[in-house]
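The values are calculated or read from the model by the stated rules, or taken from the named source; none is laboratory data. Worth saying up front: this structure is predicted, and the values here are computed from it rather than measured. Note that we place each Cβ from the backbone using ideal geometry, even for glycine, and neighbour counts take in every protein chain shown.
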Amino acid sequence: MKRHAFDTAIALTAQPDGAYLGQTSPAYANMVGPFGGVTAAQALNAALQHPDRRGEPVAFTVNYAAALADGPFALHARPARTNRSTQHWVIEMLQAGQTVLTATAVTALRRETWGAGEHSMPNVPRPDAVPPPQGPRPVEWIKRYELRFLEGGLPAAWDDRDHGVSRTQLWVRDDPPRPLDFAALTALSDVFFPRIWRRRARLVPVGTVSMTVYFHADAAQLAATGTGYLLGQAQAQAFRHGYFDQTAQLWNEAGALLVTTHQVVYYKH
């Protein structure tokens, strides 16, 4: 059976000194460098593969310190503190001896408790009722996902018109389909194109500075989601002084909120 492109992209090789070696993937190339979501997944994978890891991811923050060049990289992950039920991780990615990414993660031993949701999945048509977009897909990483937009796709014309709102809703999954896990969910959390393009309809240069992912699902819930679609919703809060933030949610088809994510993005006027 052919290995999925995502599994190839996040593959890491353990080194005698405790580091991991990885490689950028041309399958997830972006306009400049790789797709940030797969880079985040690679970083998280260093903690997921670590022999000292306890529990499952609860929170993960990644800071993009510099542009990642095509080629090899090294990842260093260490548990900074291990408590009875939580573990706190520090992760660093290096190329040519220089830091290109820093990250922190919290893993935890989850337990059964009372639970409830307050952010309900929007009432939208099912995935098979939403046609996939037609036309060219300008960068490679977009070809690795099936995107079915309900609202807020890329502008039909880059006319510098203010659309008044930056919200996007879409059904999304890996293409070809792949069973969901924490690494894939991390990458999917960054699948939304920059909100300023939706709001302003101007193709300005952008770059994510920092992204945090909060995992509400455990491994069993991800396994139950399987290869199904996720409903994603993203919207910005403010655009100001060269930076904007955007918040997103991802639900599975059963309506369970799997993850919420927040990121701050640099843009050039």
Fill in: A9 buried (at least 17 other Cβ atoms within 10 Å of the Cβ) and within 30 Å of E112 (Cα to Cα)
no
Worksheet item: Which condition number in (1) polar (S, T, N, Q); (2) free of Cβ contacts under 8 Å to residues at least 40 places away in the same chain; (3) in a strand (DSSP E or B); (4) under 29 Å from A256 (Cα atoms) is the one that N123 fails?
Response: (3)
Worksheet item: Using beta carbons and a limit of 7 Å, which pairs, at least six apart or on different chains, have the first residue in the stretch 251-269 and in contact (Cβ under 8 Å) with a residue 24 or more places away in the chain and the second one among the charged types (D, E, K, R) and crowded, with 16+ Cβ neighbours inside 10 Å?
Response: H262/D245; Q263/D245; V264/D245
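Quick one: in the stretch 250-263, of everything that is part of a strand (DSSP E or B) and over 11 Å from the mean Cα position of the chain (by Cα), which residue is surrounded by the most Cβ atoms within 10 Å (Cβ to Cβ)?
Applying the first criterion (part of a strand (DSSP E or B)) to the stretch 250-263 yields 250-252, 257-263.
Going one step further and asking which of them are over 11 Å from the mean Cα position of the chain (by Cα), we end up with 251-252, 257-258.
On the way: W251: 23, N252: 20, L257: 18, L258: 21.
The qualifying residue surrounded by the most Cβ atoms within 10 Å (Cβ to Cβ) is W251.
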Practice prompt. Go through the residues of the stretch 81-93 one by one and say whether even a single one is under 30 Å from L203 (Cα atoms), of a type in the set (F, W, Y) and at pLDDT 95 or above.
Written response: no
Discussion item. Suppose we filter P51, P26 for residues that are of a type outside the set (A, V, I, L, M, F, W, C) and either closer than 25 Å to A108 by Cα or at pLDDT below 95 (or both); which single one remains?
Written reply: P51
Worksheet, complete the sentence: Filtering the stretch 128-143 down to residues that are within 18 Å of A248 (Cβ to Cβ) and in contact (Cβ under 8 Å) with a residue 60 or more places away in the chain yields W141
